[in-house]
Amino acid sequence: LISSVDPKFLRLTKVDDRIYEEFRRTFRDLRVDVLDPEELKSEPAKAKWRPFCLSFEGVVEDFNYGTLLRLDSRREYTEENTIFG
């Protein structure tokens, strides 16, 4: 699905724009093209991620589920390039 649709037209939830706006407000300096695992899983990062996710409780079904992420978006999904977040 993701590779067959231009991502700017892909909507996974009715509140995608709200999620993205809040994400950018909360994680203003987070690089998303090349992720640093420390910025996702350190204690200070968890202190920011927890309230961010909880703000969508009751708004997004399965709001607190994890997902597989590529650390470097230019590379393929491999064991070395993947993190559970």
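The values are calculated or read from the model by the stated rules, or taken from the named source; none is laboratory data. Fair warning: this is a prediction, and the values are worked out from it, not measured in the lab. Please note: Cβ atoms are built from the backbone with ideal geometry, for glycine as well, and neighbour counts cover all protein chains shown. The protein model used for the area step is the full one, side chains on, heavy atoms only, and it has no ligands, DNA or RNA in it. Shrake-Rupley method; radii C 1.70, N 1.55, O 1.52, S 1.80 Å.
Is there any pair linking a residue in segment 2-14 that is closer than 15 Å to Phe56 by Cβ to one that is in a helix (DSSP H, G or I), with Cβ under 8 Å and at least six apart or on different chains, and which?
These pairs meet every condition: Thr13/Ile19.
Restricted to segment 8-19, and to residues that are assigned to a helix (DSSP H, G or I) and not acidic (Asp, Glu), which residue is farthest from Leu40 (Cα to Cα)? Steps first, please.
Of the residues in segment 8-19, the ones assigned to a helix (DSSP H, G or I) are 8-9, 16-19.
When the remaining residues are screened for being not acidic (Asp, Glu), the result is 8-9, 18-19.
Numbers: Lys8: 25, Phe9: 27, Arg18: 21, Ile19: 17 Å.
Here the answer is Phe9.
Quickly run through segment 60-85 and pick out the residues that are open to solvent by 100 Å² or more (accessible area, probe 1.4 Å) and aliphatic (A, V, I, L, M).
Leu68
Considering only residues that are assigned to a loop (DSSP other than H, G, I, E, B) and not charged (D, E, K, R), look in segment 20-39 and name the one that is most open to solvent (accessible area, probe 1.4 Å).
The qualifying residue most open to solvent (accessible area, probe 1.4 Å) is Val32.
Which pairs do you get when a residue that is among the charged types (D, E, K, R), found in segment 21-33, comes within reach of a residue that is assigned to a loop (DSSP other than H, G, I, E, B), reach meaning Cβ atoms under 8 angstrom, with the pair 6+ apart or on two chains?
Once the first residue is among the charged types (D, E, K, R) and sits in segment 21-33, its partners that are assigned to a loop (DSSP other than H, G, I, E, B) give Glu22/Ser55; Asp33/Ser73; Asp33/Arg74.
May I ask you to verify whether Glu57 is acidic (Asp, Glu), exposed (fewer than 13 other Cβ atoms within 10 Å of the Cβ), assigned to a loop (DSSP other than H, G, I, E, B) and at pLDDT 90 or above? Break it down stepwise before answering.
Working: acidic (Asp, Glu): yes; exposed (fewer than 13 other Cβ atoms within 10 Å of the Cβ): yes; assigned to a loop (DSSP other than H, G, I, E, B): yes; at pLDDT 90 or above: yes.
Yes: the conditions hold for Glu57.
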